[in-house]
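No value in this document is a laboratory result; all are computed from the given coordinates. Everything numeric here is computed off the predicted structure, so don't read it as measured data. All Cβ positions, glycine included, derive from the backbone under ideal geometry; neighbour counts span all protein chains shown.
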Amino acid sequence: MSGIREATISALQGAQLTRHFGRPTRKAVKLVRKELGMLYAAAKTTHEDFLMGERFGYAAAVLTSNQFTTAYNRVCEVGDELDDQWEFIIPQQPSVTDPDIDDTTTYADRRRMTAEWRAFVDQWERFDGYEYVFKVKLEASFDGQYFATLRDDLLGYTHVCVSEMLDHLMDQCIALTDVEKQEKLDAVLKPWNQDDDITTFFNNIDRMQEDLGDDDIEWTESQKSIHAIKQMYASNIFDARDMRGWERKPTPDKTWVHLQSYFGDLYTDVKKYENATGTRHGFESAANVRESTAPPNANDVQLHEQLTDIAMAATADKEYMQQMSNCTDELLAIIKQQQEQITELMRQNGQLILKLGKAAPADSGSAAKAVAAKAAAAVKSAATQNNGRRSAPPGLEINPTFTNAEKVAAKALANAINSGTKSAAPRGPCALCKKHFGTIRCFELDANKHLRPEGWKSLFE
């Protein structure tokens, strides 16, 4: 391991990603991708494969193509924009020496080329350190079962990159219904907040289109432009002459880029001279007279924002409601099964009582002694097969009676301990069976499977 790679790995140990439980959601995966994008962007680089690496760092390696293309085109020189088909290719490990160095290379050129190549290799080593660390942290931020088909038994995750792991998680997400897609589409049609300048408004629209695209929801450039034009009309910043100037433009000159340029320049001009008098035009105060309409009612705007927030919250809660519904169905199935078992036990009990009533009580004394001897033997057997577990002291017996909900909770805890996501307490009453002290010694755990006595029956069966 090179010194650059080792130092990078050590420096990134404190970085954290948000932990998500259960099946991944599109919102959760996008949040983690955003967190990784900020961490990768902080690592500025001169590596030639990373466009504007001095500004965006390694961010191109984890952001989607649409996300990076939008960010790049926003700041690049005119004519250098990336097209919609652009994709980032993960750089491969370079050779130890510059392949351009040969026997004809002079001593001075060899030294210069060697130094430049060493710096190039160091940049790759640093990027590889980022990939190594965040593969581990990304796996830890979601349940391991959702990476099972991606992880290789021999190679681990060395054959994939962080971006491919994120794409794999997105494939595991709960799919959006058509109704939920329409709700998300309606939620982006927000009015222009006059506290933000027009550039911020345009950037927010681009970002919303990108978010919709990540959810496979199409919001075309034409739809985006129509929404923006509607807000230009409603803003009362531009007069009728400005709006007519836009409407008269030919269709090829009414693209999203043209719209931003046209209204952006007008907005800048309006804000620049909004306090100026009309003397500069020679019309004195008459130049300040302009036709305007009453501003929108503040209560209506506030109501619209509140309804929008409620709609967005309801969309996010549907995923959790579905998970709760699935859990309820499982509980009902367990209750139905236990009810059938109780009915069968009652039937067998009735048959036994009937047989006991018909049997002769002549040897009841000897039968009682046999039963007592059998019970004593069972107690002795249980005492020798207790896996070193300490039973509750007299007067502190733990109640082994379980409700259905307690069984479900105990089973979930056992699964979590077996999978390693939680640890079993070595002291205190057992959190699973309630029959002894020390959860770590409970027979319900897979680690104690070899210690289970003959005829042992699980609490969850």
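To the nearest 0.05, how large is the calculated FRET efficiency for ALA409 and VAL136 if R₀ is 35 Å and r is the Cβ-Cβ distance?
Details: r = 31 Å, r/R0 = 0.88.
FRET efficiency, ALA409 to VAL136: 0.70.
Karplus-based coupling profile of region 228-245, in residue order and whole Hz: 5, 4, 4, 6, 5, 4, 6, 6, 6, 8, 9, 8, 4, 5, 5, 5, 5, x, with θ = phi - 60° in 6.51 cos²θ - 1.76 cosθ + 1.60 and x standing for Gly or Pro.
Between LEU185 and ASN349, the simple spin-label model (points 7 angstrom out along Cα→Cβ) gives 6.0 nm.
Calculated from the alpha-carbon coordinates, region 3-171 shows an Rg and a Dmax of 18.1, 61 Å respectively.
Take each peptide in 140-146, 336-342, count the other Cβ atoms within 10 Å of every residue, and average; sorted highest first, the result is 140-146, 336-342. From the Kirkwood radius over Cα pairs of region 178-274, Stokes-Einstein at 25 °C and 0.890 mPa s returns a whole-number translational diffusion coefficient of 171 µm²/s. Modelled label positions at GLU87 and ALA148, each set 7 Å beyond Cα in the direction of Cβ, lie 2.9 nm from each other.
Pairs over the 25 Å Cα-Cα cut-off, from the set LYS34/LYS254; LYS34/LYS230; LYS137/LYS190; LYS34/LYS190; LYS137/LYS184: LYS34/LYS254; LYS34/LYS230; LYS137/LYS190; LYS137/LYS184. For region 185-228, applying the loop criterion from DSSP together with a ceiling of 12 other beta carbons within 10 Å to the chymotrypsin sites (Phe, Trp or Tyr not before Pro) yields no site. From most to least packed by mean Cβ count within 10 Å, the peptides 61-72, 153-164 give 61-72, 153-164. Extension gain for the segment THR268 to ALA42, taken as residue separation times 0.36 nm less the Cα-Cα distance, is 78.2 nm to one decimal.
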